[in-house]
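*Asks:* Could you have a look at this structure, given as structure tokens, before my questions?
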């Protein structure tokens, strides 16, 4: 009887800890999705070309995001486990190494956006109007990548140490600043000038990202995070670099494979019609909006699992992994149901007309079903597996799914068979369901259940 009470008490404790980590991340992700959705709707009211051009140019930001996802994933894996062990020295070294890597990547992508923006835009579209608008947008937006690279690493360390409220608070303030400046630019200053409205949106992003970095450094100065000094970026022990590379490089390979595939899928839509690009911009933002709890579950679960495994509590980590798996399915289904509930008012308020509005109405049910698979795979692949350093599985799975199945089928459907747009969009969103069965199989193998920490 006592053992049963202890088990129930332990499970309630896990739910409580998970909730404490999740709620700030949910609010942060929700606000981020709301801001993105607000930007999309405001730009659509100015010009459909402005919406399409900013959506396509945003793929460069997506590519940069893939880099910082991999670096912050490696940093989170190590920092969470070493925080469970209370080894702050290694956490400081990991933070310095991550910041250095992201600043290098940010400088390269920033340089490309400022020197050859037209060339980058031609990857996604052949429309000269969209290329011109997108190139101007990229030249300004590129300046946001340097502060963004540093802050994403610092924020991931905050989260790994359980300070999700601090991380969410900083991001929330900057997002509110961003959306306010976007509103001023689009609705007040340049309501009838698509080019200047887009440049205003890009400048607002630069200002918000710079503010985010200042707030992160201020929090560290007040003792809320791990101090960062120039020496931390270069004087890192070799074994820390090796471990960081072991967990980061597979994620980077996975992100590049997945990101290039997503860019190719976007290019397919871009070469089909601007109507499809505009409808997808709104549909994908809505999907992000209703899936905030699903994404937060994977992030919070990864942090908590890492801390449990780093402290040597593998039995508790195994139990938590099962809980996360079932919660991901429940939250995914709830997200899909919510998307269907708001379908009609969204189409009416979208500002799209004619074929674009019809495409949006057809895309939303597909996105609703997609939410289930995405929630499940995100929780397992990016959350549970990564928490234990099992990052190679995602590389293999995404390579086969995206490049052997989804991309060839989508290309054939669009340019050879010339099937209806709704059928093509179904193929474009097939990946998450292909991955569900292999993910479930990998979970039951429990190779992710590992304590990764070392003795200094």
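Conditions (1) over 28 Å from residue 380 (Cα atoms); (2) not in a helix (DSSP H, G or I), marked per residue:
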| position | (1), (2) |
| --- | --- |
| 335 | no, no |
| 351 | yes, yes |
| 355 | yes, no |
| 366 | no, no |
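*Asks:* Does residue 98 fit the bill of being over 17 Å from the mean Cα position of the chain (by Cα), surrounded by 22 or more Cβ atoms within 10 Å (Cβ to Cβ) and either at pLDDT below 85 or on the phi > 0 side of the Ramachandran plot (or both)?
*Replies:* Here the answer is no, as residue 98 does not meet what is asked.
*Asks:* Does residue 384 count as surrounded by fewer than 17 Cβ atoms within 10 Å (Cβ to Cβ), more than 23 Å from residue 274 (Cα to Cα) and under 25 Å from the mean Cα position of the chain (by Cα)?
*Replies:* Against the criterion (surrounded by fewer than 17 Cβ atoms within 10 Å (Cβ to Cβ), more than 23 Å from residue 274 (Cα to Cα) and under 25 Å from the mean Cα position of the chain (by Cα)), residue 384 does not qualify.
*Asks:* Right, another one. From (1) modelled with pLDDT under 85; (2) in a helix (DSSP H, G or I); (3) surrounded by fewer than 17 Cβ atoms within 10 Å (Cβ to Cβ), pick out the condition that doesn't hold for residue 235.
*Replies:* The one condition residue 235 does not meet is (2).
*Asks:* Of the residues 106, 80, 112, which single one is surrounded by fewer than 20 Cβ atoms within 10 Å (Cβ to Cβ), modelled with pLDDT of 80 or more and in a helix (DSSP H, G or I)?
*Replies:* 112
*Asks:* If you don't mind, another one. Quick check, is residue 317 modelled with pLDDT of 85 or more and surrounded by fewer than 23 Cβ atoms within 10 Å (Cβ to Cβ)?
*Replies:* No; evaluated as a whole, the condition is false for this residue.
*Asks:* Being modelled with pLDDT of 85 or more, crowded, with 16+ Cβ neighbours inside 10 Å, in contact with a helix residue (DSSP H, G or I) (Cβ under 7 Å, 6 or more places away or on another chain) and farther than 25 Å from residue 273 by Cβ, is that true of even one residue in the range 405-422?
*Replies:* The answer is no; no qualifying residue exists.
*Asks:* Could you list, in sequence order, all residues of the range 335-346 that are modelled with pLDDT of 85 or more and surrounded by 14 or more Cβ atoms within 10 Å (Cβ to Cβ)?
*Replies:* Passing the criteria: 335, 336, 338, 339, 340, 342, 343.
*Asks:* So, of the residues in the range 399-451 that are touching a residue at least 12 places away in the same chain (Cβ under 8 Å) and not in a helix (DSSP H, G or I), which turns out to be farthest from residue 363 (Cα to Cα)?
*Replies:* Within the range 399-451, the match that is farthest from residue 363 (Cα to Cα) is 451.
The values are calculated or read from the model by the stated rules, or taken from the named source; none is laboratory data. It should be emphasised that the depicted structure is a prediction, and the values quoted were computed from it without experimental measurement. Backbone-built Cβ (ideal geometry, glycine too); neighbour counts: all protein chains shown.
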